[in-house]
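Some notes on the structure that comes next.
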Amino acid sequence: MLIRKPADLHYSDVTPKSVYQNRRRFLSGAIAAAGALALPFRARATRLDGVVKSKYTLPDKITPKEIVEGYNNYYEFGTGKFDPAKNATKFVTRPWTVSIEGEVTKPKTLDMDAILKLAPLEERIYRHRCVERWSIVVPWIGFSLSTLLKQVQPTSKAKYVAFETYFEPKQMPLGKYAGIDIPYLEGLRLDEAMHPLTLLCVGAYGETLLNQNGAPIRLVVPWKYGYKSIKSIVKIRFVEKEPPTAWDRYAGFGETPGEEYGFYSNVNPHVDHPRWSQAKEQRLGEEMTIKSPTLMFNGYDEVASLYAGMDLKKYH
Ligand SMILES: Nc1nc2c(c(=O)[nH]1)N[C@H]1C(S)=C(S)[C@@H](COP(=O)(O)O)O[C@H]1N2
Ligand SMILES: [Mo]
């Protein structure tokens, strides 16, 4: 059994001591408030056992857990940064199944227990760069998405993989104010989905995911803008053509759909958002005056070969 109760892992167990001790000094007022807000909901996570270290890890300083759990984007639970931690507390994520279908030889519906048994859980410290210019470093837990995808044997027609988030208006009453079409949709090209860095994520900071972070299962695609990392997945579909995505279809502030970023959405400091530069980012938890340069593919150079010969200014 991988999940053990009760939740007895402490923040200090997974965070370098210096970060832990200096934490308060680096928290800005708003984010500290969010952290305080998230604390009462800690009990909902359970410790994940048997987690092994992964080679897919970066040496960056881990962002304090209170920030990652208190400052979120999860529009189905409200569009404010502190809304999801507050509004997702009663989200029921058990039982939970993920159906894998479309261009596959063996379609399957798996429940969480079956998914958790597919491979050893790994802790991977990844950078996460939101298109809004904030970034975090998170010790996610999970295994490569490819492990799950191989279960169903994609046919030769499968060129893309489409993902869908759970949606039920009773559980997500704020969904109708999300401003984007829901259920939330995302997609990857097949080779991106099969890349070992693409993480099927079930936990963070030693524990199962909190609802606001996409419980019970989400994607983490560290070289793409954060919105590609779709939360609370219920459906995975292999398809022939590039599937629609939530943000692709979005037309905000008088823009036409697709004007912000397209399907690929790779982190790219040289392609500006229509309303801001992407050259720099704010690491949450660091002093708010310090901005760091944003790196191509968020620093994950090993994915560059996936895009060989593609004009990344065009396919952004
Ligand atoms: N279903 C769903 N998935 C989502 C989002 C969302 O609003 N709904 N927001 C995305 C965005 S913009 C980001 S930056 C990350 C945030 O993940 P975190 O809150 O766990 O840091 O989730 C992504 N996945
Ligand atoms: Mo984001």
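We did not get these values from a lab; they are worked out from the coordinates using the rules stated. These numbers were taken from a predicted model, which means no experiment stands behind them. Don't worry about glycine lacking a Cβ; one is built from the backbone with ideal geometry, like all the others, and counts go over all protein chains shown.
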Loop-resident chymotrypsin sites (Phe, Trp or Tyr not before Pro) in region 205-302 with no more than 10 other Cβ atoms inside 10 Å, DSSP not H/G/I/E/B, are Phe253
Shape box of region 11-307 [Cα atoms, principal axes, largest first, Å] = 54, 44, 41
So Val52 and Leu295, fully extended at 0.36 nm per residue minus their Cα-Cα distance, gain in nm 84.7 nm
Hits in region 187-225: amide N under 13 Å from the 7 Å Cα→Cβ extension of Lys106, namely none
Could you tell me which of rounded, prolate or oblate describes region 264-313, using a ≥ b ≥ c as the square roots of the eigenvalues of the alpha-carbon gyration tensor, with rounded for a/c under 1.5 and, failing that, prolate when a/b is larger than b/c and oblate otherwise?
-> oblate
Please tell me which of these pairs span more than 26 angstrom C-alpha to C-alpha: Lys117/Lys235; Lys53/Lys235; Lys65/Lys291; Lys61/Lys291; Lys108/Lys159; Lys53/Lys117?
-> Lys53/Lys235
A correct fewest-to-most ranking of Ser54, Ser232, Ser292, Ser156 by other Cβ atoms within 10 Å would be Ser156, Ser292, Ser54, Ser232
